[in-house]
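Working notes for the structure below.
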Amino acid sequence: MYLKNRRWTFISMIGKGVLAARLWLIAYVVLILIPASIFLYVYSQRYSHILEDEVTRSMLQTLKQAEINLDHQFGSLSDTSNTMFLNPKLLQYLSNSIPYSEQIDALKELRYLMDNGQTNSNVFRVRLYVDESKLFSHERVNFFPKDTLKTRPWYETVINAGGRLVWTGVYKESFIDREDAYIYSGIRLLRDPDHYDNPSGFLSIDVDAKTLENTLSTIVLNKDQRVFMIAPDGTIVFHKDESLLGKKLESEAVLQAIATNKEGVSPIVENDNQQYVVYTTVNATGWKLVAEVPKKGINSRATSLNQFSSVATLTGVTILFLILVFILLAFIVQGMNRRVQTVIKVIKREGVAGLEEMSVTPDGDFNFLEKSVDHLIHRVKDLMEETYKSKVQEREAQLRALQAQINPHFLYNTLDTINWIAIGHKAHDISQMIGGLARYFRLSLNKGKDVVTVTDELELAKVYLEIQQTRFPKSFEFVFDLAGKEESDGVQNEGLQLDSYVIPKLTLQPIVENALLHGIRKSKGKTGKITIRAYIEGEDLFLSVTDDGIGMDPDFAQSQLTEPRPVMRTDGSGSSYGLYNVNERIRLFSGEAYGLCIHSQPGEGTTITVRFNVSATKRSSSSLNE
């Protein structure tokens, strides 16, 4: 009887310990969890407002980038108009005093002048409105009677501008040599040099409305956005709804919102709908570029950005909760341990029968403790899985960050080359260069994917070298060696099945660029040969780039794979751009054992070999069918 009473006494002590734990948890909920939840809610609301401001500011920056592009286009068109306007032959041939016998020659000269103006890729057509006394005034392709402009709504504005360029809004124009089209025009008055007060005609630079549409299509603010352009007087000069062109904007709220400043973001309420008006001014024309975005779209975007902060805060609160729970459990377990030790002593004295009697308790406290520990174990397992997923996401983010750091010097050099070709008026070369550049963009962007097939990567290297051959004619040659077979006129795909393997995009291009610019172009003769190979040995895929340029010191070459930035020479120029970047991306893609290997000696050229794990590059059946 004594031992039985003693046993229930011990069980009662354990029950009191569990009751104390419950009181600690209630205190935690009242004093910590509820205040923390209130704080989290207030913080989330405040952060949402801040994010909303940041989102609208980002939208304004997107709109301003489009405005910069438009200013550049209008500037180019203005230069074309100014060049023709300042040509002395234009005013000479449009003079009312020119004899009939010379008008045929004048027509030829004017036609040549207009053809030159139309070499600008943005120019849809150049038109001259001349006096009806001219023999060619009714040609109606490039030449029109000037009196036909009097019915246009902007005629008086052009007259009052006194020769300054006036931009019309988008309007529909009929042509006898092609289908009707929507265009906008830059028109200026031309004066007779012999009779200055008498206008001799009008010069019109016409632009396809699709040029505006293509530029504005790059503006992506929200799926419910409405983007349009209006003149200072409120007339709609561009809108996707062609029926609104030339009409006054009906929304007084929008007009009032954009009337004060050149650019900004203004909240308005129209038809019980809350929305933001984001606007900026195109300096070349004075038009306002306007975007109407529903507020609910901005709120959803801010909410998506706020999710990360909320998850981070909730994780912090959860960790604090777990820490306090562990502390509470430590005190509880310490107290229970003392009681359990006493119970163990009783069990040793009473035997297993006493243990079996103690396992059945009216309160079920041991069962509750067991369930609590089981829940804690599952919670820790979930946290470990979350930590693992975070590491994987961090690794993917690091790979993307390295992918985004490819040096854009090649783009700038190519555009510079196109500019010089354009100055020389060599239209065929310009077309060839632009075509190569378009292929380069298509292959390098790869629809936003981070990996490409080996065939596409080799094709990208080929396109790059072809463009550079245009830039540096007769300075180098290149060949592709696939499975021991050299090809100088294209990338072959025989035997190796290169379409079956994928690698990080822009792997070869930085290496090929170094071979050309830092190997061959810095050699004494500035000429040489580049060989690109692709082959498989065992379980590894190899890509190599070999040049017979100036080479480099082996120690210096190896440093390019360990230093995140290029070593700067005394003249301030860098070398081997991007090798560290490429090496790190390959190691992240295939593993630490893979990457770049450089073999080089001064005066003997350089070979850079890229090594991949075949299993890491092998495409799945689903990706092959994409």
Add +1 for every Lys or Arg and -1 for every Asp or Glu among the other residues with Cβ under 14 Å from the Cβ of Leu543, and state the total. -1
Multiply the residue separation of Glu54 and Asn122 by 0.36 nm, subtract the distance between their alpha-carbon atoms, and state the gained length in nm to one decimal. 21.0 nm
Chain lengthening between Lys391 and Asn613 when straightened (0.36 nm per residue, less Cα-Cα): 77.7 nm
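FYI, it's all coordinate maths here, none of it is from the lab. Predicted model only: the values in this text are computed from it and were never measured. No Cβ is skipped: glycine too gets one built from the backbone with ideal geometry, and neighbour counts run over all protein chains shown.
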